[in-house]
Amino acid sequence: MFDFARLTQIRIESLAGLTVALALVPEAVAFAFVVGVHPLVGLYAAFIVGLITAMTGGRPGMISGATGSLAVVMVSLVNENGIEYLFVTVVAMGVIQIAVGALRLGNLIRMVPFPVMLGFVNGLAIVIGLAQLESFKIENHNGTKSWLPIDDLAIMICLIAVTMAVIYMVPRLSKRVPAALAGIVVVSTAVILGGINTPTVGDLASISGGLPAFSVPDVPLNLETVKIVLPYAFILSGIGLIESLLTLSLIDGITETRGQKNRECMAQGLANLVTGFFGGMGGCAMIGQSMINIKSGARMRLSGILAALFLLLFILFASSLIEQIPIAALVGVMFVVVVGTFSWSSLRIIRKVPLSDAMVMVIVSAVTVVTDLAIAVVVGVIVSALVLAWKTARHVYVSPGFGTTLHRSVYNFHGQLCFASVSAFNDLFDPASDPSEVVIDFGNSRVWDHSGMEASVDLAQRYHRAGTRLHLLNLSENCQNMLRKANVISTQDSSENPTYQVTVSNLGSAD
């Protein structure tokens with residue numbers, strides 16, 4: 001029996017792929033200009049990275065290609081060392097990303113808190129929106145840029161408004177055609193038939209070219225090259241993986257499915273490894289194009305594969321046609337993406353969440369706009385971790401334990417003993433006023449780090465100086481080992497190892 005549902009999905013995937021391919025062209029060209037290389041370097045990267053990640057990646061429906069977050073890092077590399085060093089850096093970047101996936105480090109993205117995720121989404125939406133403002137400018141003879149003349153600016157704004165209106169209206173009339181594609185076709189037809197004078201893709205650069213050719217980067221194989229390449233390779237691989245994995249998580253939430261993070265890391269690495277040998281500038285996941293694809297109904301690998309193949313066809317055969325598409329139509333599509341990507345609900349809940357979470361969202365969004373995504377995410381995770389540590393430090397206390405007598409005090413310690421809570425932990429005990437024997441039970445707590453262990457050593461020393469016999473109960477195995485190495489505890493009293501008169505009893509699995 002013929003499967004009409006599958007045929008319908010293939011049609012959706014095909015049209016979504018075509019829409020994405022059209023949206024890839026101006027960004028790939030623009031990012032190539034940012035780096036200072038030929039537009040085909042960006043287009044080849046979009047084709048190769050998009051094709052390989054679509055075929056082998058861990059998130060069907062996600063689109064990858066040349067991105068601005070990587071381009072801004074590549075600028076100084078190309079300016080200082082030339083384009084061949086860019087290609088070998090992209091190869092090294094790919095090797096590092098493959099290693100990250102093979103070591104299953106992609107799961108570390110789980111450490112990114114939800115407020116950081118919201119900040120990432122909002123910040124990236126703002127970045128995408130601000131990037132479109134360059135389309136409203138024109139380059140002067142001296143190389144500077146200024147806003148379009150008022151008449152041209154008005155025409156462009158009107159065309160953008162029409163594109164957005166079509167995109168919002170089409171789903172109400174029919175869902176058989178992707179709304180973004182309909183907007184591009186309607187406005188492009190109006191501009192071409194109406195002879196409207198407005199900037200087009202061809203005004204950016206010619207996208208005509210041949211098939212990408214294999215070549216080994218022409219750089220000397222010596223230690224100096226390694227010193228130049230490796231720092232950039234690590235930075236680029238980190239940025240690429242963070243953006244890709246966060247985009248993967250975002251799509252997971254929209255589609256209510258689960259992608260494979262480590263597989264995506266390896267796919268991104270393989271794509272960049274190949275791209276470097278075929279004259280491409282490398283890339284990673286593109287949240288804007290991914291949102292266009294997902295919102296168009298694509299859920300399979302087919303849309304990403306076709307988007308890459310369509311892009312290659314544009315380069316080989318249809319460059320003259322694609323170059324007639326008005327920039328305004330593509331800007332309109334990206335503005336719709338901005339509206340759809342921005343988490344408007346975060347503005348509504350910002351007063352309802354803890355102040356620290358609200359601050360993290362704002363900080364990550366701001367840092368994303370001012371610097372780049374990787375720094376913003378790292379800053380967000382660090383701030384979130386410090387906030388958690390601060391909150392943890394405020395919730396440590398002791399309660400009287402069973403067996404307390406006039407000459408013996410028993411304390412049950414509650415809370416998390418780590419670097420942030422050490423000061424509060426020390427304030428809980430007063431060796432000078434305690435009796436000759438003290439028992440501290442760690443059964444209701446955990447010792448997390450070296451600072452916590454050192455705090456235990458320091459406490460033992462304080463009680464030793466006060467002439468008090470100290471017993472530590474239910475310490476974790478890690479903490480026990482550390483204290484033994486420091487000659488602070490022993491399971492027996494011995495003249496050969498008097499330690500600090502600390503004994504350990506009832507050693508359990510509290511940690």
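May I ask you to say which residue of Gly42, Gly61 is within 23 Å of the chain's Cα centre (by Cα), of a type outside the set (S, T, N, Q) and on the phi > 0 side of the Ramachandran plot? Even if it seems obvious, please write down each step before you answer.
Values: Gly42 fails: on the phi > 0 side of the Ramachandran plot.
Step by step, each of Gly42, Gly61 is checked, and only Gly61 is within 23 Å of the chain's Cα centre (by Cα), of a type outside the set (S, T, N, Q) and on the phi > 0 side of the Ramachandran plot.
Yes or no: Val41 open to solvent by 10 Å² or more (accessible area, probe 1.4 Å) and either of a type in the set (Gly, Ala, Ser) or in contact (Cβ under 8 Å) with a residue 12 or more places away in the chain (or both)?
On the way: open to solvent by 10 Å² or more (accessible area, probe 1.4 Å): yes; either of a type in the set (Gly, Ala, Ser) or in contact (Cβ under 8 Å) with a residue 12 or more places away in the chain (or both): yes.
Yes: the conditions hold for Val41.
Six or more apart or on different chains, Cβ under 8 Å: which pairs go from a residue in segment 416-444 that's farther than 14 Å from His395 by Cβ and in contact (Cβ under 8 Å) with a residue 40 or more places away in the chain to one that's surrounded by fewer than 16 Cβ atoms within 10 Å (Cβ to Cβ) and not charged (D, E, K, R)? Could you list them?
Gly443/Gly508
So for segment 48-64 (the condition being in contact with a Leu (Cβ under 6 Å, 6 or more places away or on another chain), crowded, with 24+ Cβ neighbours inside 10 Å and under 19 Å from Gly209 (Cα atoms)), does at least one residue qualify?
No, that holds for no residue.
Which of the helices (runs of 4 or more DSSP H) found entirely inside segment 58-169 contain at least 1 residues meeting this: in contact with a Cys (Cβ under 8 Å, 6 or more places away or on another chain), at pLDDT below 90 and closer than 28 Å to Val360 by Cβ? Explain how you work it out, then say what you get.
Values: elements: 68-81, 83-102, 114-132.
The qualifying helices (runs of 4 or more DSSP H) are 68-81.
Testing Ser494 on (1) small (Gly, Ala, Ser); (2) at pLDDT below 85; (3) touching a strand residue (DSSP E or B) at 6+ places or on another chain (Cβ under 9 Å); (4) surrounded by fewer than 15 Cβ atoms within 10 Å (Cβ to Cβ), one condition comes back false. Which one is that?
So Ser494 meets the others, but not (3).
Give me the residue from segment 343-377 that is part of a helix (DSSP H, G or I), free of Cβ contacts under 8 Å to residues at least 40 places away in the same chain and of a type in the set (A, V, I, L, M, F, W, C) and, out of that set, farthest from Gly288 (Cα to Cα). Break it down stepwise before answering.
Step one: list which residues in segment 343-377 are part of a helix (DSSP H, G or I), which gives 344-349, 355-370, 373-377.
In the following step, the residues that additionally are free of Cβ contacts under 8 Å to residues at least 40 places away in the same chain were identified as 344-345, 347-349, 355-356, 359, 370, 375.
Adding the requirement that they be of a type in the set (A, V, I, L, M, F, W, C) leaves 344, 347, 349, 355, 359, 370, 375.
Numbers: Trp344: 17, Leu347: 21, Ile349: 24, Leu355: 30, Met359: 25, Val370: 19, Ile375: 20 Å.
Out of the qualifying residues, it is Leu355.
May I ask you to list the residues in segment 10-29 that are touching a helix residue (DSSP H, G or I) at 6+ places or on another chain (Cβ under 7 Å) and either without any contact (Cβ under 8 Å) to a residue 40 or more places away in the chain or within 15 Å of Leu330 (Cβ to Cβ) (or both)? Walk me through how you get there before you give the answer.
Taking segment 10-29 as the starting set, the residues that turn out to be touching a helix residue (DSSP H, G or I) at 6+ places or on another chain (Cβ under 7 Å) are 10, 13-26, 28-29.
Scanning segment 10-29 gives Leu18, Thr19, Val20, Ala21, Leu22, Ala23, Leu24, Val25, Pro26, Ala28, Val29.
Just for segment 324-342: of the residues that are open to solvent by less than 40 Å² (accessible area, probe 1.4 Å) and not in a helix (DSSP H, G or I), which one is farthest from Ile196 (Cα to Cα)?
Phe342
Tally the residues that are outside any loop (DSSP other than H, G, I, E, B), closer than 20 Å to Pro115 by Cα and open to solvent by 40 Å² or more (accessible area, probe 1.4 Å), restricting the search to segment 250-265.
Number of matching residues: 2.
Return yes when Ala393 is in contact with a helix residue (DSSP H, G or I) (Cβ under 8 Å, 6 or more places away or on another chain) and of a type in the set (A, V, I, L, M) and no when it is not. Before the answer, list the steps.
Numbers: in contact with a helix residue (DSSP H, G or I) (Cβ under 8 Å, 6 or more places away or on another chain): yes; of a type in the set (A, V, I, L, M): yes.
So Ala393 fits the description; yes.
Note down all Cβ pairs under 7 Å where the first residue falls in segment 92-118 and is under 23 Å from Val383 (Cβ atoms) and open to solvent by 50 Å² or more (accessible area, probe 1.4 Å), the second is of a type in the set (Asp, Glu) and modelled with pLDDT of 85 or more, and they're at least six residues apart or on different chains.
none
Would you tally the residues in segment 417-441 being within 13 Å of Leu472 (Cα to Cα) and either touching a Gly at 6+ places or on another chain (Cβ under 9 Å) or open to solvent by 30 Å² or more (accessible area, probe 1.4 Å) (or both)? I'd like the intermediate steps shown before the answer.
Filtering segment 417-441 for residues within 13 Å of Leu472 (Cα to Cα) gives 437-441.
When the remaining residues are screened for being either touching a Gly at 6+ places or on another chain (Cβ under 9 Å) or open to solvent by 30 Å² or more (accessible area, probe 1.4 Å) (or both), the result is 437, 439-441.
Of the residues in segment 417-441, 4 are within 13 Å of Leu472 (Cα to Cα) and either touching a Gly at 6+ places or on another chain (Cβ under 9 Å) or open to solvent by 30 Å² or more (accessible area, probe 1.4 Å) (or both).
The values are calculated or read from the model by the stated rules, or taken from the named source; none is laboratory data. Everything quoted here is computed from the prediction, not taken from an experiment. Cβ sites come from the backbone with ideal geometry, for glycine too, and all protein chains shown count toward neighbours. Just so you know, the surface numbers come from the protein's heavy atoms only, side chains and all, with ligands and any DNA or RNA stripped out. Shrake-Rupley method; radii C 1.70, N 1.55, O 1.52, S 1.80 Å.
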